[in-house]
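The values are calculated or read from the model by the stated rules, or taken from the named source; none is laboratory data. The model shown is predicted, which means the values in this text are computed figures rather than measured ones. Heads up, the Cβs are rebuilt from the backbone with ideal geometry, glycines too, and the neighbour counts pull from every protein chain shown. The area values use the complete protein model at the heavy-atom level, side chains included, leaving out ligands, DNA and RNA. Shrake-Rupley method; radii C 1.70, N 1.55, O 1.52, S 1.80 Å.
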Amino acid sequence: MSQQPLTPEEFTARLRAVAADRYHDRHPFNVRMHDGTLTPAEVRRWILNRFHYQRHIPVKDALILAKFDTPALRRAWLRRIQDHDGEKEGDGGIERWLRLGEAAGIDRARLQSGDEVLPGVRLAVDGYVNFCRLRPRLEAVAASLTELSAPSIMRTRIQAFETHYPWIEADGLAYFQNRIGQGSRDSAEALALVLDWARTREEQERAVAALAFKCDVLWSLLDAVEAGGRA
(Lines give C-alpha, C1' and ligand atoms only; values in the text may rest on other atoms or scores of the structure.)
Protein backbone atom coordinates (compact mmCIF):
# COMPACT_ATOMS: atom_id res chain seq x y z
CA MET A 1 0.00 0.00 0.00
CA SER A 2 1.38 3.39 -0.96
CA GLN A 3 1.96 5.99 1.72
CA GLN A 4 -0.25 9.02 2.02
CA PRO A 5 1.24 12.25 0.66
CA LEU A 6 2.77 14.60 3.17
CA THR A 7 0.86 17.78 3.80
CA PRO A 8 2.41 20.88 2.22
CA GLU A 9 3.67 21.88 5.67
CA GLU A 10 5.20 18.45 6.33
CA PHE A 11 6.75 18.30 2.87
CA THR A 12 8.24 21.77 3.22
CA ALA A 13 9.67 20.81 6.61
CA ARG A 14 11.30 17.68 5.08
CA LEU A 15 12.90 19.72 2.33
CA ARG A 16 14.12 22.40 4.72
CA ALA A 17 15.56 19.74 7.02
CA VAL A 18 17.60 18.22 4.18
CA ALA A 19 18.88 21.65 3.17
CA ALA A 20 19.79 22.48 6.77
CA ASP A 21 21.29 19.13 7.79
CA ARG A 22 23.26 18.27 4.65
CA TYR A 23 24.25 21.67 3.28
CA HIS A 24 27.95 22.21 2.68
CA ASP A 25 28.27 24.97 5.28
CA ARG A 26 29.02 22.07 7.66
CA HIS A 27 31.90 20.80 5.54
CA PRO A 28 35.26 21.10 7.38
CA PHE A 29 36.70 23.25 4.60
CA ASN A 30 33.80 25.70 4.81
CA VAL A 31 34.05 25.72 8.60
CA ARG A 32 37.73 26.61 8.36
CA MET A 33 36.96 29.26 5.76
CA HIS A 34 34.44 30.94 8.02
CA ASP A 35 36.68 30.56 11.07
CA GLY A 36 39.38 32.42 9.19
CA THR A 37 42.01 29.67 9.23
CA LEU A 38 42.45 29.09 5.49
CA THR A 39 45.76 30.10 3.96
CA PRO A 40 45.77 32.43 0.95
CA ALA A 41 46.66 29.44 -1.23
CA GLU A 42 43.64 27.51 0.06
CA VAL A 43 41.29 30.44 -0.54
CA ARG A 44 42.60 30.83 -4.07
CA ARG A 45 42.27 27.08 -4.72
CA TRP A 46 38.64 27.26 -3.62
CA ILE A 47 37.92 30.30 -5.83
CA LEU A 48 39.53 28.62 -8.85
CA ASN A 49 37.62 25.37 -8.43
CA ARG A 50 34.31 26.83 -7.35
CA PHE A 51 34.36 28.93 -10.53
CA HIS A 52 34.03 25.71 -12.50
CA TYR A 53 30.70 25.18 -10.73
CA GLN A 54 29.65 28.83 -11.13
CA ARG A 55 30.20 28.86 -14.86
CA HIS A 56 27.99 25.78 -15.25
CA ILE A 57 25.02 27.21 -13.33
CA PRO A 58 23.49 28.87 -16.43
CA VAL A 59 24.13 25.65 -18.37
CA LYS A 60 22.12 23.53 -15.94
CA ASP A 61 19.43 26.23 -15.77
CA ALA A 62 19.12 26.18 -19.57
CA LEU A 63 18.62 22.42 -19.40
CA ILE A 64 15.90 22.86 -16.78
CA LEU A 65 14.24 25.67 -18.74
CA ALA A 66 13.96 23.36 -21.77
CA LYS A 67 11.74 21.03 -19.71
CA PHE A 68 9.09 23.72 -19.11
CA ASP A 69 5.99 23.75 -21.26
CA THR A 70 4.64 27.27 -20.70
CA PRO A 71 6.04 30.70 -21.59
CA ALA A 72 5.42 31.93 -18.04
CA LEU A 73 7.61 29.23 -16.52
CA ARG A 74 10.32 29.75 -19.11
CA ARG A 75 10.33 33.53 -18.59
CA ALA A 76 10.65 33.11 -14.83
CA TRP A 77 13.49 30.61 -15.07
CA LEU A 78 15.27 32.60 -17.78
CA ARG A 79 15.99 35.26 -15.17
CA ARG A 80 18.28 32.79 -13.39
CA ILE A 81 20.41 32.47 -16.50
CA GLN A 82 20.53 36.25 -16.84
CA ASP A 83 21.51 36.57 -13.17
CA HIS A 84 24.66 34.58 -13.87
CA ASP A 85 25.45 35.39 -17.50
CA GLY A 86 24.34 39.02 -17.22
CA GLU A 87 22.10 40.90 -19.59
CA LYS A 88 25.13 42.59 -21.13
CA GLU A 89 28.89 42.20 -21.21
CA GLY A 90 30.54 42.91 -17.87
CA ASP A 91 27.43 42.06 -15.85
CA GLY A 92 26.15 39.03 -13.94
CA GLY A 93 27.28 36.52 -11.38
CA ILE A 94 30.02 34.94 -13.47
CA GLU A 95 31.58 38.37 -14.01
CA ARG A 96 31.35 39.06 -10.28
CA TRP A 97 33.12 35.77 -9.54
CA LEU A 98 35.90 36.75 -11.93
CA ARG A 99 36.22 39.99 -9.98
CA LEU A 100 36.40 38.00 -6.75
CA GLY A 101 39.30 36.09 -8.25
CA GLU A 102 41.03 39.32 -9.24
CA ALA A 103 40.46 40.73 -5.74
CA ALA A 104 42.19 37.62 -4.38
CA GLY A 105 45.12 38.00 -6.76
CA ILE A 106 44.02 35.54 -9.48
CA ASP A 107 44.20 36.76 -13.05
CA ARG A 108 40.87 36.22 -14.84
CA ALA A 109 42.58 34.42 -17.72
CA ARG A 110 43.86 31.90 -15.18
CA LEU A 111 40.33 31.42 -13.83
CA GLN A 112 38.74 31.14 -17.26
CA SER A 113 41.27 28.61 -18.55
CA GLY A 114 40.07 25.93 -16.13
CA ASP A 115 43.54 24.37 -16.19
CA GLU A 116 43.68 24.07 -12.40
CA VAL A 117 40.25 22.53 -11.86
CA LEU A 118 40.62 19.34 -9.84
CA PRO A 119 39.30 16.02 -11.27
CA GLY A 120 36.90 15.55 -8.34
CA VAL A 121 35.41 18.98 -8.97
CA ARG A 122 34.90 18.20 -12.65
CA LEU A 123 33.15 14.94 -11.75
CA ALA A 124 30.86 16.63 -9.22
CA VAL A 125 29.87 19.41 -11.61
CA ASP A 126 29.38 17.02 -14.53
CA GLY A 127 27.20 14.86 -12.31
CA TYR A 128 24.96 17.79 -11.44
CA VAL A 129 24.68 19.06 -15.01
CA ASN A 130 23.82 15.57 -16.26
CA PHE A 131 21.26 15.16 -13.47
CA CYS A 132 19.50 18.31 -14.68
CA ARG A 133 19.74 17.09 -18.28
CA LEU A 134 18.32 13.61 -17.64
CA ARG A 135 15.91 13.85 -14.73
CA PRO A 136 12.30 15.12 -14.88
CA ARG A 137 11.58 18.76 -14.17
CA LEU A 138 10.39 18.03 -10.61
CA GLU A 139 13.71 16.53 -9.57
CA ALA A 140 15.80 19.06 -11.49
CA VAL A 141 14.03 21.96 -9.80
CA ALA A 142 14.03 20.26 -6.38
CA ALA A 143 17.80 19.89 -6.60
CA SER A 144 18.08 23.68 -6.79
CA LEU A 145 16.54 24.01 -3.32
CA THR A 146 19.97 24.15 -1.74
CA GLU A 147 19.17 27.84 -2.29
CA LEU A 148 17.05 27.59 0.86
CA SER A 149 20.29 27.73 2.84
CA ALA A 150 22.22 30.07 0.54
CA PRO A 151 21.29 33.47 2.05
CA SER A 152 22.52 32.42 5.49
CA ILE A 153 25.87 31.11 4.26
CA MET A 154 26.39 34.23 2.15
CA ARG A 155 25.93 36.50 5.17
CA THR A 156 28.36 34.36 7.16
CA ARG A 157 30.86 34.35 4.31
CA ILE A 158 30.80 38.11 3.85
CA GLN A 159 31.47 38.65 7.54
CA ALA A 160 34.23 36.03 7.53
CA PHE A 161 35.99 37.50 4.50
CA GLU A 162 35.78 41.04 5.84
CA THR A 163 37.10 39.93 9.24
CA HIS A 164 39.68 37.27 8.42
CA TYR A 165 40.80 37.89 4.83
CA PRO A 166 41.34 41.65 4.55
CA TRP A 167 43.92 41.01 1.83
CA ILE A 168 40.97 40.35 -0.51
CA GLU A 169 39.72 43.66 -1.85
CA ALA A 170 36.22 44.51 -0.60
CA ASP A 171 34.84 45.02 -4.12
CA GLY A 172 35.41 41.33 -4.73
CA LEU A 173 32.63 40.37 -2.32
CA ALA A 174 29.86 41.66 -4.61
CA TYR A 175 28.96 38.13 -5.72
CA PHE A 176 28.09 37.07 -2.18
CA GLN A 177 26.19 40.27 -1.50
CA ASN A 178 24.02 39.84 -4.61
CA ARG A 179 23.24 36.19 -3.88
CA ILE A 180 21.55 37.00 -0.56
CA GLY A 181 18.54 38.53 -2.29
CA GLN A 182 18.67 36.31 -5.36
CA GLY A 183 18.87 33.13 -3.30
CA SER A 184 15.85 34.07 -1.20
CA ARG A 185 13.79 34.85 -4.30
CA ASP A 186 14.92 31.79 -6.26
CA SER A 187 14.34 29.33 -3.43
CA ALA A 188 10.84 30.67 -2.78
CA GLU A 189 9.92 30.29 -6.46
CA ALA A 190 11.41 26.81 -6.77
CA LEU A 191 9.78 25.64 -3.54
CA ALA A 192 6.38 26.76 -4.83
CA LEU A 193 6.90 24.73 -8.03
CA VAL A 194 7.99 21.62 -6.14
CA LEU A 195 5.02 21.83 -3.78
CA ASP A 196 2.69 22.16 -6.77
CA TRP A 197 4.19 19.33 -8.83
CA ALA A 198 4.86 16.71 -6.13
CA ARG A 199 1.34 15.47 -5.43
CA THR A 200 2.02 11.84 -4.50
CA ARG A 201 4.24 10.50 -1.73
CA GLU A 202 6.49 8.91 -4.35
CA GLU A 203 6.97 12.26 -6.09
CA GLN A 204 7.66 13.96 -2.77
CA GLU A 205 10.31 11.38 -1.90
CA ARG A 206 11.92 11.82 -5.31
CA ALA A 207 12.10 15.55 -4.69
CA VAL A 208 13.71 15.02 -1.28
CA ALA A 209 16.23 12.61 -2.82
CA ALA A 210 17.06 15.13 -5.55
CA LEU A 211 17.81 17.79 -2.97
CA ALA A 212 19.97 15.34 -1.00
CA PHE A 213 21.86 14.54 -4.22
CA LYS A 214 22.58 18.23 -4.80
CA CYS A 215 23.87 18.55 -1.23
CA ASP A 216 26.19 15.63 -1.98
CA VAL A 217 27.43 17.39 -5.13
CA LEU A 218 28.41 20.49 -3.17
CA TRP A 219 29.97 18.39 -0.41
CA SER A 220 31.97 16.34 -2.92
CA LEU A 221 33.22 19.53 -4.56
CA LEU A 222 34.66 20.67 -1.23
CA ASP A 223 36.10 17.21 -0.54
CA ALA A 224 38.10 17.57 -3.75
CA VAL A 225 39.20 21.14 -2.93
CA GLU A 226 40.30 20.13 0.55
CA ALA A 227 42.22 17.09 -0.70
CA GLY A 228 43.79 19.10 -3.49
CA GLY A 229 46.34 20.58 -1.13
CA ARG A 230 47.70 17.25 0.06
CA ALA A 231 49.59 16.36 -3.08
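Inside segment 3-37, can you point out the residues that are part of a helix (DSSP H, G or I), surrounded by fewer than 18 Cβ atoms within 10 Å (Cβ to Cβ) and either in contact with a Pro (Cβ under 9 Å, 6 or more places away or on another chain) or free of Cβ contacts under 8 Å to residues at least 24 places away in the same chain (or both)? 9, 10, 13, 17, 21, 26, 31, 32 - these are the residues of segment 3-37 that are part of a helix (DSSP H, G or I), surrounded by fewer than 18 Cβ atoms within 10 Å (Cβ to Cβ) and either in contact with a Pro (Cβ under 9 Å, 6 or more places away or on another chain) or free of Cβ contacts under 8 Å to residues at least 24 places away in the same chain (or both). Against the conditions (1) open to solvent by 10 Å² or more (accessible area, probe 1.4 Å); (2) assigned to a helix (DSSP H, G or I), residue 101 satisfies every one except (1).
Does at least one position in segment 64-85 carry a residue that is under 18 Å from the mean Cα position of the chain (by Cα), within 18 Å of residue 217 (Cα to Cα) and not small (Gly, Ala, Ser)? Among the residues of segment 64-85, at least one is under 18 Å from the mean Cα position of the chain (by Cα), within 18 Å of residue 217 (Cα to Cα) and not small (Gly, Ala, Ser), which makes the answer yes. Please specify each residue of segment 23-71 satisfying the condition of being under 20 Å from residue 151 (Cα atoms), polar (S, T, N, Q) and touching a Leu at 6+ places or on another chain (Cβ under 8 Å). Within segment 23-71, just 30 meets the criteria. So, restricting to helices (runs of 4 or more DSSP H) that lie completely within segment 116-218, which ones have at least 2 residues that are under 30 Å from residue 229 (Cα atoms) and open to solvent by less than 70 Å² (accessible area, probe 1.4 Å)? Per the criteria, 119-134, 150-164, 174-197. Taking the conditions (1) closer than 29 Å to residue 136 by Cβ; (2) among the charged types (D, E, K, R); (3) not in a loop (DSSP other than H, G, I, E, B) in turn, residue 69 satisfies each one other than (3). Here segment 179-231 is the region considered, the condition is being among the β-branched types (Val, Ile, Thr) and touching a helix residue (DSSP H, G or I) at 6+ places or on another chain (Cβ under 6 Å), and the residue that is farthest from residue 79 (Cα to Cα) is 225.
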